[in-house]
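Here is the structure we will look at.
The values are calculated or read from the model by the stated rules, or taken from the named source; none is laboratory data. Since the structure is predicted, the reported quantities are computational estimates derived from the model, not experimental observations. Positions of Cβ are backbone-derived with ideal geometry, glycine not excepted, and every protein chain shown enters the neighbour counts. Quick note on the areas: whole protein, heavy atoms, side chains included, nothing else; ligands and nucleic acids left out. Shrake-Rupley method; radii C 1.70, N 1.55, O 1.52, S 1.80 Å.
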Amino acid sequence: YGKVLGGKVAAGQQIVCIHRDGRREKARCTVLFSHEGLKKVEVEEAGAGEIVGIAGFEDALIGETITDSEEREPLPFVEIDPPTIRMQFVVNDSPLAGREGTFMTARHIRERLLRESRNNVSIDMEDTEQAGVFEVHARGEMQIAILVEQMRREGYEVMVSRPEVIFRKDDAGNRLEPMETLYVDVEAEFLGSVLQNLAGRKGEVMNMEHHPHGVTVETVIPTRGLIGFETDLLNLTRGTGVMSHLFKEYGPFKGEIPTRPSGVLVALEPGVSTAYALDQLQERARMFVGPGEEVYAGMVVGENSRPEDMIVNVCKAKHLTNMRSQGEGKGIQLEPPLKMSLERALEYIGGDEYVEATPSSLRMRKKILDHTKRKRAEQRLAEG
């Protein structure tokens, strides 16, 4: 699809695509589409000013020029803001895989991501050396979250890693990171807590404008600092804060930014969670699962109150004896589990974790499910 800037194009006409690398590819316009209201209609001819769809090329990409002859000069390519975030899309290999989705293989996922990269100007997809692992580059974690949500609704099962920033190096070898211009609108009473949060994320306030309905803050902040900020903003402002951001430039590395301060609870064995086990854990943790939910070893089932991860058994049942205990007959009072949205889960997970997205479920899990293998991998990482 594109706008005809000059001349005419007709169905059956010989046309040439001038690719970005200068290569010229000949083809024939097999079908020409236009629109009547919301309806797509087939037409025989289109002229300058019309927006049409042309069929006939295998790999015409966004921004490339289609002309009537090879002698024509290509139109200037419109530069697009570079991708600043990368994430891995991985074939779902969890013990509960295959129960809900229709498209689960590496071929299905690769074709879907390739189709998205052709239609979406700001998304790139690359194959990796690992089988069933694909790297997707985008303009922000929200954009990839929308893609994952679309894939879920289409029947795909996929695992997604935590967003990572794409770094660069200057001529002197210094590390550069993407910087964003962030605009935040908050009520005056929440300004202090929001500014404190931005300072912790290495944000530099450039301008502050007071108006009758609140304050607009303009900040230059690393893209890393934006990961998870939207959730914090909603919590700090009781849902009234509004934010938007634009890519500014690649600037000097700003130093480490603290990520998740607390550890997680990791399930020890597969099974069905019990109220008895959850009751024992909820005093020192916030649970992500309720009673009667199926879990597997390596699945993240709660947030620890301490910085380290803790291995727990949420499937433990109460032993039956012929002795009466002091609490016999008392009902178990469980707090409702915290159910995260896809965007919140992507921001929350650590570097050694995945979000497992299926048509009906969202789960967080460790990349290495087996506890013993995970400890060995951590030891090797610490030594190396």
What helix-only [θ] at 222 nm does the chain give? Using -39500 (n - 2.57) per DSSP H run of at least 4, over all residues, to the nearest 500, the answer is -5500 deg cm²/dmol
Once the in-chain neighbours fewer than 8 apart are removed, the lysines whose Cα is under 29 Å from Lys248 read Lys3, Lys169, Lys202
Loop-resident chymotrypsin sites (Phe, Trp or Tyr not before Pro) in segment 69-158 with no more than 13 other Cβ atoms inside 10 Å, DSSP not H/G/I/E/B, are Phe77
Among (i) -0.46, -0.72, -0.99, -1.10; (ii) -0.27, -0.45, -0.70, -0.85; (iii) -0.33, -0.54, -0.78, -0.90, the value of log10 I(q)/I(0) by the Debye sum over Cα atoms at q = 0.07, 0.09, 0.11, 0.12 Å⁻¹ computed for this structure carries the label (i)
Both in Å, the radius of gyration and Dmax of the C-alpha trace of segment 242-384 are 18.7, 71
Rounded to the nearest whole number, the Stokes-Einstein translational diffusion coefficient of segment 251-296 at 37 °C and 0.692 mPa s (Kirkwood radius, C-alpha pairs) in µm²/s is 250 µm²/s
Note to self: with every protein chain in place and a 1.4 Å probe, segment 67-148 gives an accessible area per residue in Å² of 55 Å²
So for segment 114-202, using the alpha carbon gyration tensor with a ≥ b ≥ c as root eigenvalues (a/c under 1.5 gives rounded; past that, a/b versus b/c decides prolate or oblate), I'd call it oblate
Ile332 and Val4 label points (each 7 Å along its Cα→Cβ direction) are spaced in nm at 7.0 nm
The FRET efficiency for Phe33 and Leu320, from their Cβ-Cβ distance with R0 = 51 Å and rounded to 0.05, is 0.15
Taking a ≥ b ≥ c as the square roots of the eigenvalues of the Cα gyration tensor, with a/c under 1.5 meaning rounded and otherwise prolate when a/b exceeds b/c and oblate if not, segment 149-263 is oblate
On the formula 1/(1 + (r/R0)^6), with r taken between the Cβ atoms of His19 and Thr181 and R0 of 51 Å, the FRET efficiency rounded to 0.05 is 0.95
Residue separation between Arg118 and Thr216 times 0.36 nm, minus their alpha-carbon distance, gives in nm 31.6 nm
Per the rule of 0.36 nm per residue minus the C-alpha distance, extending Lys26 to Asp59 adds in nm 10.7 nm
For segment 195-336, the accessible surface attributable to carbon and sulfur atoms (probe 1.4 angstrom, ligands and nucleic acids excluded) amounts in percent to 50 percent
For Lys318, the lysines lying under 30 Å Cα to Cα, once residues fewer than eight places off in the same chain are dropped, come out as Lys330, Lys339, Lys366, Lys373, Lys375
Those GluC sites (Glu not before Pro) from segment 72-120 that are DSSP loop and have at most 13 other Cβ neighbours within 10 Å turn out to be Glu79
Using alpha carbon centers only, segment 14-65 is separated from segment 266-299 by a whole-angstrom value of 55 Å
Per the rule of 0.36 nm per residue minus the C-alpha distance, extending Glu111 to Ile311 adds in nm 68.3 nm
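Given R₀ = 41 Å, FRET efficiency for Ile166-Ala275 by Cβ-Cβ distance, to 0.05?
0.35
Write out the trypsin sites (Lys or Arg not before Pro) in segment 204-283 meeting two conditions: DSSP loop, and at most 15 other Cβ atoms within 10 Å of their Cβ.
Arg238
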